[in-house]
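Report on the structure given below.
The values are calculated or read from the model by the stated rules, or taken from the named source; none is laboratory data. Predicted, not measured: the structure shown is a model, and the values here were computed from it. Glycine also receives a Cβ, built like all others from the backbone with ideal geometry; neighbour counts cover every protein chain displayed. What goes into the accessible areas is simple: the full protein's heavy atoms, side chains included, and nothing from ligands, DNA or RNA. Shrake-Rupley method; radii C 1.70, N 1.55, O 1.52, S 1.80 Å.
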Amino acid sequence: MYLLVKSKFVNHPNETNEIKNWIFQSIGKKWKEWKGSLKACAYDPSLTVDEIVAQQVKNDDRVNPTQFKELVTRWFTPEFQSTCGVKRMSRSKMKEPHVSGTKSFARLAHEMATKNNDIHPTRGEMYIKTRTRKDGSIVDDNATQVVASLKKLQMTL
């Protein structure tokens, strides 16, 4: 995979370990996202491994049947099911979800300050920004109430 990336893009002539590590990290992240998207669209616990593989291979020619069968078989292992259950429980306990993704709050605050003549955002402004989706909707009912009260407070100041 690394050689394929190198053949398709122009790299710095003196390739450093930092560049190489970044390429490997990027490949790893994309691979993980690809497996997640495959599971989201193909996984059905009511079907057998072979049925899921046949259905997906028929609908998507990007999927290697042998590799996909190994992946689906892993999804059905008790260890994988247990891990999924633990992560599901952890996500359900999240009281204050945000929609800022992997971007750190510090980086987001810096970007907001840069756009606002180096005036750093308040905690309330950060809360509103990190709980508002790109389409303008708020992440959940609790956050909607807090955002409404913060906006009302901002109007009075």
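Of the residues Met112, Met126, Met94, the single one that is part of a loop (DSSP other than H, G, I, E, B), closer than 30 Å to Ala148 by Cβ and of a type in the set (A, V, I, L, M) is Met94.
Please give the number of the condition Glu79 fails out of (1) among the acidic types (Asp, Glu); (2) outside any helix (DSSP H, G or I); (3) within 30 Å of Pro45 (Cα to Cα). The failed condition is (2). Meeting the requirement of 1 or more residues that are of a type in the set (A, V, I, L, M, F, W, C), open to solvent by 100 Å² or more (accessible area, probe 1.4 Å) and under 30 Å from Cys84 (Cα atoms), the helices (runs of 4 or more DSSP H) wholly within the stretch 1-67 are 17-42. Count of the stretch 82-97 residues, restricted to those that are under 19 Å from Asp44 (Cα atoms) and surrounded by 12 or more Cβ atoms within 10 Å (Cβ to Cβ), is 1. Contact map, the stretch 85-104: residues that are at pLDDT 85 or above paired with residues that are surrounded by fewer than 10 Cβ atoms within 10 Å (Cβ to Cβ) and in a helix (DSSP H, G or I), Cβ distance under 7 Å, separation 6+ or inter-chain. No pairs are found. Inside the stretch 129-143, residues that are open to solvent by 60 Å² or more (accessible area, probe 1.4 Å) and not in a loop (DSSP other than H, G, I, E, B) make up a count of 3.
Selection of the stretch 123-140 for residues being free of Cβ contacts under 8 Å to residues at least 24 places away in the same chain and of a type in the set (S, T, N, Q) yields only Ser137.
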